[in-house]
Structure formats: structure tokens, C-alpha cells
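The values are calculated or read from the model by the stated rules, or taken from the named source; none is laboratory data. Everything numeric in this text was worked out from a predicted model, so none of it was measured. Here Cβ is always computed from backbone atoms with ideal geometry, including for glycine, and neighbour counts include all displayed protein chains. Quick note on the areas: whole protein, heavy atoms, side chains included, nothing else; ligands and nucleic acids left out. Shrake-Rupley method; radii C 1.70, N 1.55, O 1.52, S 1.80 Å.
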Amino acid sequence: MAHDESRYPNPHTFIPERFLDDDGSLKPDDTQHLAFRFGRRMCVGRHFADTSVWAVMAKVLAISDILGPLDENGVEIPMEPRFSTGIAV
Ligand code: HEM
């Protein structure tokens with residue numbers, strides 16, 4: 001469902017702007033909580049998880065510069081973001 005081409009063209013490409021309106025506000029998206037499933041057995045920790053991830057991301061973005069690798073002159077090497085599972089550091 002999260003890779004539905006009719007809703008998310010080119011779904012495996014990292015295009016976060018796809019979720020924004022022309023004025024920069026978030027588009028309504030009824031699948032944004034898909035990770036927590038739905039129905040009677042949906043995740044009971046979803047609000048806690050959502051707010052925790054938001055708080056961590058806000059702190060990381062406030063104190064960090066997130067850059068790609070730098071060459072020997074300190075110039076950022078362009079990267080093509082690709083999806084993979086797990087965490088890469
Ligand atoms: C990003 C974090 C999380 C994700 C992606 C996630 C995802 C899920 C999913 C997919 C289910 C299964 C729903 C189903 O069977 O239809 C589930 C169930 C559940 N989750 Fe989470 N969860 C997260 C965090 C948490 C946290 C932080 C808690 C508790 C503090 C929690 C407690 C539970 C419980 C108790 C269930 C079982 C609900 C039931 O069977 O009635 N989850 N979660």
C-alpha cells in the first residue's frame with residue numbers, strides 16, 4: 001500500500017517533497033500511519049512511538065549537520081539516496 005504507484009509515482013525513489021503542497025504544508029495522507037496497521041489490533045503504542053520519533057528527529061536536526069561524505073578538499077560528494085533496510089551510519 002505504501003508503494004502504490006497510482007498514489008506515489010516512482011515509489012522507491014526518495015522524494016520527501018511528494019508529501020508537501022505547493023505552499024510547503026503537509027498534504028493530508030490517510031496512509032501515513034500504515035506502519036502501525038489498522039483495525040481492532042492496531043498498535044496501541046502508536047502515539048507514543050510517533051511523538052518519540054518526532055522528538056528525537058527534532059533534536060538531531062537541531063544540533064547536527066547531516067552531510068554526505070566529503071572529498072579530500074572538504075567538498076561534499078553527491079550521493080543518490082536509495083532505500084535499504086536497517087540503519088547505516
Ligand atoms: C515505530 C514504532 C512502532 C511500530 C512501527 C509499531 C507497529 C505495530 C504493528 C504493525 C502492530 C500490529 C498491529 C496488528 O496486528 O494489526 C503493533 C501492535 C502493538 N504495538 Fe506497536 N509499534 C510501534 C511501537 C510501539 C510502542 C512504543 C508500544 C508500547 C509502548 C507498542 C505496543 C504495541 C502493542 C501492545 C501491540 C499489540 C496490540 C494488539 O494486539 O491489540 N508499539 N505495533
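Listed here are the residues, each with its yes/no results for (1) touching a strand residue (DSSP E or B) at 6+ places or on another chain (Cβ under 7 Å); (2) over 22 Å from residue 2 (Cα atoms); (3) open to solvent by 100 Å² or more (accessible area, probe 1.4 Å).
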site: 13; (1), (2), (3): no, no, no
site: 17; (1), (2), (3): no, no, yes
site: 21; (1), (2), (3): no, no, no
site: 25; (1), (2), (3): no, no, no
site: 34; (1), (2), (3): no, no, no
site: 70; (1), (2), (3): yes, yes, no
site: 84; (1), (2), (3): no, no, no
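Checked against (1) within 16 Å of the ligand (Cβ to nearest atom); (2) within 19 Å of residue 85 (Cα to Cα), residue 45 passes all but condition (2). Of the candidates 50, 22, the single residue that is closer than 28 Å to residue 10 by Cα and over 14 Å from the mean Cα position of the chain (by Cα) is 22. Among residues of segment 69-89 being in a loop (DSSP other than H, G, I, E, B) and acidic (Asp, Glu), the one that is nearest to the ligand (Cβ to nearest atom) is 80.
Within the bounds of segment 57-68, is there any residue that is surrounded by 10 or more Cβ atoms within 10 Å (Cβ to Cβ), of a type in the set (A, V, I, L, M, F, W, C) and in a loop (DSSP other than H, G, I, E, B)? No: zero hits.
Taking segment 32-42 as the search range and keeping residues that are assigned to a loop (DSSP other than H, G, I, E, B) and at negative phi, which one is farthest from the ligand (Cβ to nearest atom)?
Among those that are assigned to a loop (DSSP other than H, G, I, E, B) and at negative phi, it is 32.
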